[in-house]
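*Asks:* Before I ask anything, here is the structure I am working with.
Derivation of every value follows stated rules applied to the coordinates shown; laboratory data play no part. Fair warning: this is a prediction, and the values are worked out from it, not measured in the lab. Cβ sites come from the backbone with ideal geometry, for glycine too, and all protein chains shown count toward neighbours.
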Amino acid sequence: MELADRAVGFLLTLVSLSIFTYYTFWVIILPFVDSDHFIHQYFLPQEYAILIPIFAGVALLCFLCVFIGFVKLKSKKKKA
């Protein structure tokens with residue numbers, strides 16, 4: 001089981017590092033590259049660099065609120 005946990009941890013770390021590298025290159029380096037350069041075809045338009053994290057944050061906040069609500073409802077039922 002420990003090997004499986006390490007594999008999952010390694011995979012999550014690799015995915016997180018890949019997303020961080022892609023996003024950092026997209027937001028910080030790409031604006032300084034000419035717009036007709038071939039590298040631009042691998043990235044979304046710059047507007048999405050702000051919209052995607054905003055929507056992800058809102059979705060995470062909504063999920064967190066729903067989770068806390070369910071936990072509170074469940075604990076009320078146990079008391080009654």
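*Asks:* Out of (i) 38, 21, 7; (ii) 35, 16, 11; (iii) 77, 8, 4, which label holds the value of semi-axes √(5λ) of the Cα gyration tensor in Å that was computed here?
*Replies:* (i)
*Asks:* Calculate the spin-label point distance for residue 15 paired with residue 35, positioning each point 7 Å from the Cα along the beta-carbon direction, and give it in nanometres.
*Replies:* Placing both labels 7 Å along Cα→Cβ, they lie 3.5 nm apart.
*Asks:* Per residue of the range 58-73, what does 6.51 cos²θ - 1.76 cosθ + 1.60 with θ = phi - 60° give for ³J(HN,Hα)? Whole Hz please, x for Gly and Pro, Karplus curve as stated.
*Replies:* 5, 5, 5, 5, 5, 4, 5, 5, 5, 4, 5, x, 5, 5, 5, 5
*Asks:* I would also like to ask the following. Residue 8 versus residue 43, label points 7 Å from Cα toward the beta carbon: distance in nm?
*Replies:* A separation of 3.4 nm, rounded to one decimal place.
*Asks:* Could you state the angle between the C-alpha long axis of helix 2-24 and the longest principal axis of the C-alpha atoms of the chain, as a value from 0 to 90 degrees rounded to the nearest 10?
*Replies:* That works out to roughly 50 degrees.
*Asks:* Just from its helices, what would the mean residue ellipticity at 222 nm be for the chain, if runs of 4 or more DSSP H residues each count -39500 (n - 2.57) and the sum is divided by every residue, rounded to the nearest 500 deg cm²/dmol?
*Replies:* The helix-only estimate for the chain comes to -24500 deg cm²/dmol at 222 nm.
*Asks:* Let me ask something additional. For residue 61 and residue 25, what does the FRET efficiency come to when R0 = 30 Å and r is the distance between their Cβ atoms, rounded to the nearest 0.05?
*Replies:* The computed FRET efficiency comes out at 0.65.
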